[in-house]
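Throughout, read-outs are computed from the coordinates displayed, never taken from laboratory work. Computed from a predicted model, the values in this text were never measured in an experiment. Glycine also receives a Cβ, built like all others from the backbone with ideal geometry; neighbour counts cover every protein chain displayed.
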Amino acid sequence: QVQLVESGGGLVQAGGSLRLTCAVLGRTLSFYRMGWFRQAPGKEREFVASILWSGGSPNYVDSVKGRFTISRDNAKNTVYLQMNNLKPEDTAVYYCAARTEPMSQSYNYWGQGTQVTVSS
């Protein structure tokens with residue numbers, strides 16, 4: 001059994017920063033890649049960033065490149081998303097996710113989400 005728990009969301013003004021944390025609890029298996037997704041009201045869930053559990057090969061959606069940084073601390077079983085220069089269009093529920101199969105693009109573990117609201 002494993003559980004992903006997001007925290008760190010909140011309300012910030014445009015140009016501000018937040019750091020989201022994904023705590024991996026009760027980890028009993030190996031993850032291949034960790035990801036962050038977001039979903040704004042009335043919109044489809046969107047990929048934001050991902051990183052190998054080993055810490056390599058970070059990648060980002062174009063809209064957050066240069067502003068967001070994904071990282072991990074395996075000793076603490078924790079993944080972070082540092083979000084700088086936030087924009088109103090970043091407002092969404094942010095979800096942590098994990099993949100266990102390197103040959104698949106599908107994420108099979110998900111957290112409950114944390115709300116990020118950016119005011120103009």
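Considering only 114, 51, 13, the residue lying farthest towards the positive end of the dipole of the chain is 51, judged by Cα position with unit charges set on Cβ.
For the stretch 65-80, the Karplus equation 6.51 cos²θ - 1.76 cosθ + 1.60, evaluated at θ = phi - 60°, returns couplings of 4, x, 10, 10, 9, 9, 8, 8, 10, 5, 4, 9, 6, 9, 10, 10 Hz by residue, with Gly and Pro reported as x.
Taking a point 7 Å from the Cα of residue 23 along the Cα-to-Cβ direction, the residues of the stretch 69-83 with backbone N closer than 16 Å to it are 73-81. Within the stretch 63-119, the ratio Rg/Rh, alpha carbon atoms throughout and Rh by Kirkwood, equals 1.00. With θ taken as phi - 60° and the Karplus curve 6.51 cos²θ - 1.76 cosθ + 1.60 applied, the whole-hertz 3J(HN,Hα) list for the stretch 11-20 is 10, 9, 7, 3, x, x, 10, 9, 10, 8 Hz, x standing for glycine and proline.
Based on the Cβ-Cβ distance of residue 57 and residue 117, what FRET efficiency does E = 1/(1 + (r/R0)^6) give at R0 = 25 Å, to the nearest 0.05? Please report the intermediate quantities before stating the final value.
Values: r = 30 Å, r/R0 = 1.21.
The formula returns an efficiency of 0.25 here.
Sparsely packed loop sites in the stretch 28-120 (the trypsin sites (Lys or Arg not before Pro) outside DSSP H, G, I, E and B with at most 11 other Cβ atoms within 10 Å) comprise 43, 65.
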